[in-house]
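The values are calculated or read from the model by the stated rules, or taken from the named source; none is laboratory data. Note that the structure is a prediction, hence the values are computed from the model and not measured. Cβ placement follows ideal geometry from the backbone for every residue including glycine, while neighbour counts extend to all protein chains displayed.
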Amino acid sequence: MKTLPQNLAAHLAGRITTLATCWIVTRADGVRLGFTDHDRALSVEGVVCQPQNGLAPSAMSDGPEFATGGGDVSGTLESSALLETDLEAGLWDNAGVRVFLVNWQTPSDHVLLRRARIGEVGRAGSVFRAELRGLAHLLESRQGRVFARICDADLGDSRCKVDMTNPAYQATATVTVAQREWLRITGLEAYANGWFSRGRVKVLTGPLAGFASEVASHRQEEDKSVLSLFQPAPEALAPGTEIEVRAGCPKDLETCRTKFANHLNYLGFPHMPGSDFALSYPNRNTGLNDGSARVE
């Protein structure tokens, strides 16, 4: 149940209302953008919501029995607030959306109607459309641990405990030549071939600063290193661009022990039997499933 501000409640109880809807979007890089269906700018929560920002959210709905409710939002990439490079850089992925009901005569009289997240994003020409997901979709996410042979921690997180500020696992490099899908760089010559495979690269300088992608592969070619990216950059990085590269981990016990010396914190179950073993039966001729320890 929502509690309306006193002034807004009195306004809604009147015979004539002056209402507008405002949307405040918080992107992945922390930038907040405001949009409104009113014909002039309105200031809400310290954000100026512009009518010409080119964003048009649809009506949102809640499903029964905790079904994921939502709607969609569309806009034109010709708007100054909706740049194609930002969209391709993933800055709108999982962006937070807050929807407000506002008295446009006194915008300080407003109430938060709902919260949502931007889900799947599609585009056609100069128009993009994004799915809005209500908070109920969080109930569909996996909770708890996954029991598998590989580790279910993320490299460097509080469960893994590897110090990623260690120069052995993090480095700064400079782009010499690049395409959207790969980078040829200097600064990683001291690292073994494949050291940064499955790692992460982040752009530090230039117009694409903040863009990040997982590294598909890392290989040494003469006096340069080549990184292939899982997610292509919005455009090719310019020579001289500074990047940060973090080592990768395939999440197996051997790599955890030899590369990171972190096997005491390994959170996988490398000796867990597979389904074939679990569903088989004892065989005195082979010695399988005789109740003895699998690992001495």
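Can you tell me which of LEU112, LEU155, LEU132 is under 30 Å from ILE24 (Cβ atoms), crowded, with 16+ Cβ neighbours inside 10 Å, of a type in the set (A, V, I, L, M) and out of contact with any Leu (no Cβ under 7 Å at 6 or more places or on another chain)?
None of the others qualify; the one that does is LEU132.
If you scan the stretch 16-32, which residues turn out to be touching a helix residue (DSSP H, G or I) at 6+ places or on another chain (Cβ under 9 Å) and basic (Lys, Arg)?
Within the stretch 16-32, ARG27 is the sole residue that qualifies.
What are the residues in the stretch 175-210 that are within 19 Å of the chain's Cα centre (by Cα) and closer than 12 Å to VAL245 by Cα, if any?
Once the filter is applied, which keeps residues that are within 19 Å of the chain's Cα centre (by Cα) and closer than 12 Å to VAL245 by Cα, the stretch 175-210 yields ARG198, GLY199, ARG200, VAL201, LYS202, VAL203, LEU204.
Matching residues to (1) buried (at least 16 other Cβ atoms within 10 Å of the Cβ); (2) in the same structural domain as GLU84 (by TED's automatic domain parsing); (3) closer than 17 Å to GLN179 by Cβ:
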{"site": "ARG200", "(1), (2), (3)": "yes, no, no"}
{"site": "PRO207", "(1), (2), (3)": "no, no, yes"}
{"site": "SER225", "(1), (2), (3)": "yes, no, yes"}
{"site": "PRO239", "(1), (2), (3)": "no, no, yes"}
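From the residues in the stretch 19-39 that are outside any strand (DSSP E or B) and touching a residue at least 12 places away in the same chain (Cβ under 8 Å), which one is surrounded by the fewest Cβ atoms within 10 Å (Cβ to Cβ)?
Among those that are outside any strand (DSSP E or B) and touching a residue at least 12 places away in the same chain (Cβ under 8 Å), it is ASP39.
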